[in-house]
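Below: one structure, written as structure tokens.
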Amino acid sequence: MTGRKTMLITGARKGIGRYLCEYYSEKGFEIFGCSRGEADFYLENYHHYCLDVADEEQVREMFAAIRKSCGCLDVLVNNAGIASMNHILLTPRATVEKILNTNVVGTFLFCREAAKLMQAAGFGRIVNFATVATPLKLEGEAIYAASKAAIVSLTEILARELAPFGITVNAVGPTPVKTDLIRSVPREKMDALLARQAIHRFGEMGDISNVIDFFIQPGSDFVTGQVLYLGGV
């Protein structure tokens with residue numbers, strides 16, 4: 001393995017995750033990515049794992065492989081997430097469990113296992129994904145917003161727990177980006193959401209990587225426990 005900085009990105013197969021893999025690969029990172037399905041792209045310094053982020057055994061196996069191949073992890077980006085836009089009266093329990101397992105349990109497991117690797121090196125950067133749906137209290141997204149509220153709390157508390165090991169934990173809260181996650185949402189609902197932002201436009205991939213760049217740069221070692229919402233929410 002080379003002496004490159006290492007980064008793990010969950011939900012790497014498409015959308016924001018795929019963009020981040022390509023973006024940080026170009027910046028010279030050794031990238032480890034995961035998703036439920038196989039990746040349909042190739043990057044020279046990219047390694048893909050098929051797993052469910054909420055499956056503890058599969059997650060541990062992935063981290064064991066990372067430890068064996070390079071012995072360290074510099075950056076974790078917890079991008080994997082799912083959403084469902086339904087009124088609470090129309091939301092089945094199965095949907096609730098699926099969202100909480102992926103968004104909350106998955107993020108927790110990756111934070112915990114990444115911290116074990118980072119602790120040994122006395123350095124690490126963890127970036128979680130929040131959402132503007134939480135501060136905007138978006139109707140129809142009660143469970144999704146609640147799952148991301150849990151991520152905000154997790155981020156703030158882990159920042160304190162992991163600070164003694166040189167690990168920072170922050171979160172980015174994107175506005176809607178044109179990915180599969182919002183493709184089924186009616187246009188009028190999206191327009192109403194964008195109107196509640198200070199800047200009335202969809203988020204772009206570069207808006208997100210800009211925040212991650214800030215959180216993981218060496219000069220941000222005094223920045224932890226922060227949630228940066230985009231769009232002026």
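No lab work stands behind these numbers, since they all come straight from the coordinates. Everything numeric here is computed off the predicted structure, so don't read it as measured data. Methodologically, a virtual Cβ is constructed for each residue, glycine included, from the backbone with ideal geometry; neighbour enumeration extends over all protein chains shown.
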Ratio for the stretch 6-229, C-alpha Rg to 2.2 N^0.38 Å, reads 0.98
Here the convex hull volume per residue of the stretch 1-46, taken over Cα atoms and given in Å³, is 65 Å³
With 0.36 nm assigned to each residue of separation and the Cα-Cα distance removed, PHE41 to ASP180 gains 48.3 nm
For the chain the mean separation of alpha carbon contacts under 8 Å (6+ apart) over residue count, i.e. relative contact order in percent, is 18 percent
Of ASN78, ASN210, ASN86, the most mobile residue in a GNM of the chain (C-alpha springs, cutoff 10 Å) is ASN210
Stretched fully, the stretch from ARG201 through ASP221 gains (0.36 nm per residue minus C-alpha distance, one decimal, in nm) 4.1 nm
Taking every other residue with Cβ under 12 Å from the Cβ of GLU141 and scoring Lys and Arg +1, Asp and Glu -1, one gets +2
Two pseudo-spin positions, 7 Å from Cα along C-beta at GLU22 and at ALA192, lie apart in nanometres by 3.4 nm
Note, ALA130: beta-carbon cut-off 12 Å, +1 each Lys/Arg, -1 each Asp/Glu, net 0
So ALA146 and ALA64, fully extended at 0.36 nm per residue minus their Cα-Cα distance, gain in nm 26.4 nm
Checking PRO135, PRO186, PRO176 against a Gaussian network model of the chain (alpha-carbon springs below 10 Å), the top fluctuating residue turns out to be PRO186
Within the set LYS14, LYS116, LYS27, GNM on the chain using Cα springs under 10 Å gives the largest fluctuation to LYS27
